[in-house]
Each structure stands twice: as structure tokens, then as C-alpha cells.
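What follows is a short report on a single structure.
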Amino acid sequence: MTPTPQELAALVALALEPSGLMREELLSRLESAGVARAAGEAVLSALSGRGLLTEKKRGRLEPTPAGHTALREAHAALERAQDVSPSSPGMEECPSVPWLTQVQTVWVEALSLNYAVAPDALSRLLPAPLEPEPHQGSAWVQVLMSSLREMRPQGLTGLVGVNFYQVSYRAAVRYRDADGRWRRGGYFVRSETNDTLMRRIGNTLTEFKFHEFGEADMVMAREADALTFAVAPLPPFPGGKLVGVLDTRPLPGPPAGSVWTSLEALHEPLVECYDAFGVANGYVYVLTIDRGPWNARFVQPVELYSEYMQDGPLAGHARLDSVLHLRECPYRWRPLRRERVPGAG
């Protein structure tokens, strides 16, 4: 039987005190949390009757081993309920080299160029079973350029981390999982970095190899409120020239012509996106990112050219809707998971 909220409150109060609490002190704490005294007495009686609470020497109350187990189970249930990417039936952790995916870093400075795209044009770039996730009547591709600091396996000091630049073209996509429910996330139709080692590591993840991770000369430079950025792809990865200047002073709202009515309206569709997908060998691979808040703001581009979006495979089918700027956002990758493509053998 799952403890009630009032019972959990009593167990938590006791678990925080190594030597337990006297009954009167515990009842007082429950009263301060909004549990009336008579209800508190009933809570303690119920916990004791189910073997979750015991009275030790000098009348001090403590959780029993079963009480501690009940607390851990309740905590696990809360985590599952709040999980932004719960596993589907049959989903498994895949046999990747753990440290290649279980890493952490910080986006020191980043920008998101948000393009509204014709769904049929984007569909041609996606492997089945992925399909564009429509918002406001359009498909979406975000050109995400970031300066990353101290990327390293989780648990290691930042002194061994790698600092580098990266640009990714993230399409908002979805597919139906093993439960028949939509799982939403991002699919990278193109990516580059300026770090040769990080490129080699990215291309080592053969299970999650959605495309060849390219290499490019990159720069992000700030002068007062002006952020200048440039990407010059190196052979043999043409088509990804990206140059621009942003005025990073926050706009009071979405720019003229944007389909979004506010930053909040854009937030869930394009910002609250925690899964990155890959498709290979009959599996959908799911890499989930736990991160801090983006704290992004609409900003104004002064100059901007994206070869991939304006003259590449989406030319004539993409329109710049808005630009976001953000700073200092921690990222941590979960272990890579996979599930069978629906309908695959």
C-alpha cells in the first residue's frame, strides 16, 4: 500500500533526523505542514500498524527498514511521474561505450535560429518512422550554434574537459512508440564541430549515427551587445556556411512576422525538447538530455546567412521566424536507449 501524502510527510521528517523524533515534536512538525493534530495521531497509528514506524528507547520514533523502503519507492514513483522521457515497453539501454554518451557540459553561449519549414520538404530528409512535428501550421528546424565548456564524462573534473564550438540543424520530429503514443524529440539533419577529437567521438557512435559529423572552422565573438558568429565547413562537408551578427539585447516580444505570440508559446514546442533520435538497423535510438533552463530571449539578427537553409536542401521551403539567444546552461546526457522501429522484424 502506497503511503498517503500525510504519511510520507511523517516518514520524511523522521528520515531527516538520524536519532528520530519524539512523538510531540513530530506531531508539531506535521501541524506546521498543515496536518491537524487528530489527523497526525491517525497518521502515526497507521504507520505503526503497517510496520513502517517504530518507537525506540526514550519514546523516540524512527522509520523501520520497511519505512525507508516505502520512502525510496515513493521517491522512485515521483521521478517516473516527472520523467520527461520515460522508457517504452521493450526499450533497452543499448551497448554503446558508456562514457561516449554519459557526458556533461555547459553551453556558455548559444543561439537558436528558428526556421518554419514546409512539412513535405522536411519529410524528405527524415528516416522512417520519424516525421515532422507540426506547430503553428509548419514543420521546424532550429540551427543551434553553441560554445561548449568542459565536456567530459560524468563524475570527472572540468579540468579534463574539452572546450569547443558546435552547430547542429535540429528538426522537430515525432514517431509512435511501442505503446502507440507519440514520442517527440529532435533529429539532426546536419552537424559540425571545430574540434577534430569531438568529431571522431561523435562518428564513433555507430548505433546513433544519423549522419556524418562534419568539421568546420568556427568562431563566436562578442563586442558589447553584438555577437558575431561564423562557420566555414571543411572538405568534404560543403553546404554549411553560416555567418551573422546578433544584437543580443532582449526584444520585448516575438519579432514582427513570427507565428509565436510570446516566448512562452514557443517554449514547449521548440525549447522543451529533451530527446535526440537516431534510426539504424531496425531501431530508433533515443539520447535524452537533462539540462538546466535555457533562459532564452528573443533577439534581433543584424546580418544573417545560412547556406543550408537558404541555398541547400530546404531552399525555397524555409523561412526565418525568430532568433533566440541564451547563456550558461548545463547539460548532461543519459545512457543511450533504443527500441525496435514499429513494424520492424
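If the chain linking ALA232 and ARG340 were pulled fully straight, counting 0.36 nm for each residue of separation and taking away their Cα-Cα distance, it would gain 35.2 nm. Separation of the stretch 33-66 from the stretch 267-302 is 45 Å, based on Cα centroids.
Evaluate the relative contact order of the chain (contact order divided by residue number), counting alpha-carbon pairs under 8 angstrom at least 6 apart; express in whole percent. Intermediate results must be reported in sequence, preceding the final value.
Numbers: 697 pairs, mean separation 61.4, N = 345.
For the chain, the relative contact order is 18 percent.
At a Förster radius of 30 Å, what calculated FRET efficiency corresponds to the Cβ-Cβ distance of SER32 and ALA77, to the nearest 0.05? If you can, show how the numbers build up before the last one.
Values: r = 25 Å, r/R0 = 0.84.
Calculated transfer efficiency: 0.75.
Rounded to whole numbers, the Karplus 3J(HN,Hα) couplings from phi for the stretch 50-60 are 9, x, 9, 9, 9, 9, 9, 4, 6, x, 7 Hz, using 6.51 cos²θ - 1.76 cosθ + 1.60 with θ = phi - 60°, and x at Gly and Pro.
Based on the Cβ-Cβ distance of ALA224 and TYR305, what FRET efficiency does E = 1/(1 + (r/R0)^6) give at R0 = 25 Å, to the nearest 0.05? Provide the component values of the computation, followed by the final result.
Numbers: r = 22 Å, r/R0 = 0.89.
Plugging the Cβ-Cβ distance into 1/(1 + (r/R0)^6) gives 0.65.
Residue exposure proxy: VAL162, VAL43, ordered by other Cβ atoms within 10 angstrom of their Cβ from fewest to most, comes out as VAL162, VAL43. Bridges between two residues of the chain, per DSSP, are antiparallel at a rate of about 95%.
For the stretch 213-299, the relative contact order works out to 21 percent when only alpha carbon pairs closer than 8 Å and six or more residues apart are counted. Electrostatic bookkeeping for GLY292 treats Lys and Arg as +1 and Asp and Glu as -1; over the other residues with beta carbon under 12 Å from its beta carbon, the sum is +1. Hey, rough spin-label estimate for ASN163 and THR54, points 7 angstrom out along Cα→Cβ, what's it come to in nanometres? Taking the two extended label points, one gets 5.5 nm.
In a fully extended conformation the segment linking ARG332 and MET22 would gain 107.4 nm over its present Cα-Cα distance, using 0.36 nm per residue.
Note on LYS56, LYS241: ascending count of other Cβ atoms within 10 Å places them as LYS56, LYS241, the fewest first. Taking +1 at the Cβ of each Lys and Arg and -1 at the Cβ of each Asp and Glu, which of PHE298, VAL271, LEU52 sits farthest along the dipole of the chain towards its positive end, judged by Cα position relative to the Cα centre? Comparing the listed Cα positions along the dipole, LEU52 ranks first.
The H on the amide N of ASN194, modeled in the peptide plane, is under 5 Å from the matching H of TYR165, ALA216, each at least 5 residues off or on a different chain.
Roughly how many nanometres apart are two label points built 7 Å out from the Cα toward the Cβ at GLU92 and VAL243? Going by the 7 Å Cα→Cβ label model, 5.0 nm.
Quick note: the coordinates plus some simple rules give every number you see, no bench work behind them. This structure is a prediction, so every number in the text was calculated from the model and none was measured. For neighbour counting, all protein chains shown are included, and Cβ atoms are generated from backbone atoms with ideal geometry for every residue, glycine included.
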